[in-house]
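Inspection log for the structure reproduced underneath, given as structure tokens.
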Amino acid sequence: MKRSFFRHLLRSGSQGMHPPGFPISVRSPCEPVAVEPSNSTDMDRQQAPLETRAYDSARISATAVSAPVGRFLMVRQGAEVGAVRFTHFHRDYDLKPADLLVPGAGHPSAEYDWYFQGDGSGDFTKRNVTYGRGKLRDTPAVRIGRLAFKPFTALHVRCGPLVLRWRYPTALMFNMDADGSRSEGALALAPTKVAYIRDLHLKKMRLTWYRPDPTRTDPLFIPLDQLP
């Protein structure tokens, strides 16, 4: 009973305090989703390589950073530090869209765990660490007359007070506020190969922090075994 209640608490996205010595484990990494269906579109062909490499590489672009599935992506803004771990992603296909749906190549979704340490220590073993779980989704657009709406869409990762725009499949974008505008804060992102929160020791790790870089025209892929 306690175990089922705890799972319900995390799935609901609720926040909680980190009990001392609490063993946090990640679900077994999911297998790569099937891509390239027989009627694949240009978007399918663009997304397929990203979906495949999301399991074994970090990706750094001019506007976003991702860590491999099941590994922590660190978020830093001032003294506040967050850790985000994507656990699953999926993309549906509009093979037979309803009359009211605007056709598209697919409607992506993802799930993630988050941890937040705001006291400036960067210590994720302390009791004041908050944590939770979230779900992301880009829902089909519904057309009513000339207007199109996307109900129930959730495109922002919330890690304590830190809010970042999600980019499918597992990337976080720099300085993107919940209202869609870009802020000029000193937000930085660092991918890691760490899978368990108990192994996350920032002061002992040589992290490489990335910030927006408009001169980075080609994405940089870093293999899992080369991450800190």
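General remarks:
- Output for the range 121-167, where each listed residue is closer than 22 Å to HIS90 by Cα and charged (D, E, K, R): ARG133, LYS135, ARG137, ASP138, LYS150, ARG158, ARG165, ARG167
- Among the residues of this structure, GLU31 does not count as one that is more than 16 Å from LEU162 (Cβ to Cβ), modelled with pLDDT under 95, in contact with a helix residue (DSSP H, G or I) (Cβ under 6 Å, 6 or more places away or on another chain) and loosely packed, with under 14 Cβ neighbours inside 10 Å.
- Counting only strands (runs of 3 or more DSSP E) that sit completely within the range 110-176, those holding 2 or more residues that are within 18 Å of ARG71 (Cβ to Cβ) and modelled with pLDDT of 90 or more correspond to 130-137, 156-159, 162-167, 171-173.
- Residue, nearest to the chain's Cα centre (by Cα), within the range 180-199, restricted to residues that are modelled with pLDDT of 95 or more and hydroxyl-bearing (Ser, Thr, Tyr): THR192
- Any hit, the range 99-108, residues being under 15 Å from the mean Cα position of the chain (by Cα) and modelled with pLDDT of 95 or more: no
- Test: residue in the range 74-84 that is over 17 Å from ARG167 (Cβ atoms) and in a loop (DSSP other than H, G, I, E, B): yes
- Candidate set: the range 200-228, residues that are hydroxyl-bearing (Ser, Thr, Tyr) and either surrounded by fewer than 12 Cβ atoms within 10 Å (Cβ to Cβ) or over 20 Å from the mean Cα position of the chain (by Cα) (or both); chosen: the one farthest from PRO49 (Cα to Cα): THR215
- When restricted to residues that are under 13 Å from LEU73 (Cβ atoms) and assigned to a loop (DSSP other than H, G, I, E, B), the range 206-216 contains 3.
The values are calculated or read from the model by the stated rules, or taken from the named source; none is laboratory data. For clarity, every value in this text was computed on a predicted model and none was experimentally measured. Heads up, the Cβs are rebuilt from the backbone with ideal geometry, glycines too, and the neighbour counts pull from every protein chain shown.
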